[in-house]
Amino acid sequence: MDDPIIRIEGVEKSFGSFQALKDIRFDIARGEFFSLLGASGCGKTTLLRILAGIEQPTRGQLTIDGKPMAGVPANRRPTNMVFQSYAIFPHLTVRENIGYGLVYQNLTKAEAKARTDEAIELVKLTGLDDRSAHQLSGGQRQRVALARALVCRPKVLLLDEPLSALDKKLREEMQQELRSLQRTVGITFVFVTHDQEEALTLSDRIAVMSGGRVLQIDTPEGLYERPNCREVAEFVGTMNLFPAQVQQVDGGQVIADGRALGNLVGRSPDRPVASGEAILMALRPEKIEISAAGAAGPNSVAGRVASVSYLGDRSHYLVAVDGLTAPVVVYRSNSERTAVAAGAEVALSWSDADALVLAR
């Protein structure tokens, strides 16, 4: 990556005997919406705090806009941070909260007012200037926190799960507004979340973290369609995983013995696989066709519908298959075909190209 805004080289962080981050190294491009995704305790917030200067790495090097950040305090970095709690001052108005950071910059009153006016308009709070924090909704408080961070014009905005306190509908609305805001201001956003749908919706690229390590960095589509390991496959969306053993590798295809599932054919992974190797055949629920009983041939299996969940535009099926300990999950659009009832005997089938080979 040419001239990245952030470069992380071998960063590690220990708290006593506990190692929170292990050999983190990647770049973030200028103007990129980059997300750190993972379960609680994976290290994503620790990494964000290192970027902010709140924590210092135990080892490794961090550069922002080409300058090493070793020993540089938070208030001297070209970054600003939006916290999960928003941290809005309750005794100040919307305008006073947003303009608070400008007090420490060498600006005239007119310049500070112009910057504050611009930020208020940017986050769609025009007309609410004189309201106090307790008069604001959750979404409005979130906008105040964003405006207060952006008014100082940082080169990088760091966001620590800023939407987690909002209800589902408002959260989805704010996701769209946040993405639109990032495109408007054009600066780099580094966003921490444990919500994979949120990361897929917002991001240009995503780093999936677990146990203090980065497992994979890719675009949302790349992570979803081409996970590089079982942990990423299971964390990003829902994935059916079928144990199998490689019988033959033929060009771009892997032919495997799926035991109770019979012969399985999938697309070759980026890494080489050998005959006899134990693998997992991975398949997304929406890639599976469900039809009347009568399955035959590779990538098809008979089962019985154990349960059906209606979700409006689609239904989720759990299909019990003899020889499998877990049911097969199938997603099906409700606009395309007639429903399949619980208890029905069905056939499941899928394309070779939709089955991905993962290491067991």
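Values computed for the structure shown
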{"read-out": "Residue list for segment 230-280, restricted to those being under 23 Å from G38 (Cα atoms) and in contact with a strand residue (DSSP E or B) (Cβ under 7 Å, 6 or more places away or on another chain)", "value": "R230, E231, V232, A233, F235, V236, T238, M239, N240, L241, L280"}
{"read-out": "Residue among I64, I88, I28, I54 that is in the same structural domain as E221 (by TED's automatic domain parsing), at pLDDT 95 or above, within 25 Å of G138 (Cβ to Cβ) and β-branched (V, I, T)", "value": "I54"}
{"read-out": "Residue selected from segment 230-267 under the condition among the small types (G, A, S) and over 27 Å from E197 (Cα atoms), by the criterion surrounded by the most Cβ atoms within 10 Å (Cβ to Cβ)", "value": "A256"}
{"read-out": "Extreme residue, modelled with the highest pLDDT, among residues of segment 92-122 that are in a loop (DSSP other than H, G, I, E, B) and within 14 Å of R153 (Cα to Cα)", "value": "G99"}
{"read-out": "Leading residue by the ranking (farthest from K67 (Cα to Cα)) among those in segment 118-162 that are acidic (D, E) and surrounded by 16 or more Cβ atoms within 10 Å (Cβ to Cβ)", "value": "E161"}
{"read-out": "Only listed residue being farther than 14 Å from A244 by Cα and not aromatic (F, W, Y), chosen from G276, G303, G266", "value": "G303"}
{"read-out": "Residue identified as free of Cβ contacts under 8 Å to residues at least 40 places away in the same chain and under 22 Å from L47 (Cβ atoms) among T193, T219, T188", "value": "T219"}
{"read-out": "Which listed residue is in contact with an Asp or Glu (Cβ under 8 Å, 6 or more places away or on another chain), without any contact (Cβ under 8 Å) to a residue 60 or more places away in the chain, surrounded by fewer than 16 Cβ atoms within 10 Å (Cβ to Cβ) and part of a strand (DSSP E or B), from G10, G60", "value": "G10"}
{"read-out": "Unique residue being in contact with an Asp or Glu (Cβ under 6 Å, 6 or more places away or on another chain) and either among the aliphatic types (A, V, I, L, M) or farther than 23 Å from S164 by Cα (or both) when the list is V208, V246", "value": "V246"}
{"read-out": "Restricting segment 218-257 to residues that are at pLDDT below 90 and of a type in the set (G, A, S), the residue that is nearest to I279 (Cα to Cα)", "value": "G252"}
{"read-out": "Residue in segment 337-347 that is assigned to a strand (DSSP E or B), at pLDDT 90 or above and not hydrophobic (A, V, I, L, M, F, W, C) present", "value": "yes"}
{"read-out": "Test: residue in segment 37-44 that is within 24 Å of the chain's Cα centre (by Cα), surrounded by 23 or more Cβ atoms within 10 Å (Cβ to Cβ) and assigned to a helix (DSSP H, G or I)", "value": "yes"}
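Results for (1) among the acidic types (D, E); (2) assigned to a strand (DSSP E or B); (3) out of contact with any helix residue (DSSP H, G or I) (no Cβ under 7 Å at 6 or more places or on another chain); (4) under 24 Å from V340 (Cα atoms), shown as yes or no for each residue.
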{"residue": "A260", "(1), (2), (3), (4)": "no, no, yes, yes"}
{"residue": "L264", "(1), (2), (3), (4)": "no, yes, yes, no"}
{"residue": "I279", "(1), (2), (3), (4)": "no, yes, yes, no"}
{"residue": "E286", "(1), (2), (3), (4)": "yes, no, yes, yes"}
{"residue": "S307", "(1), (2), (3), (4)": "no, yes, yes, yes"}
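The values are calculated or read from the model by the stated rules, or taken from the named source; none is laboratory data. Computed from a prediction, not measured in an experiment: that's the story for all the values here. For neighbour counting, all protein chains shown are included, and Cβ atoms are generated from backbone atoms with ideal geometry for every residue, glycine included.
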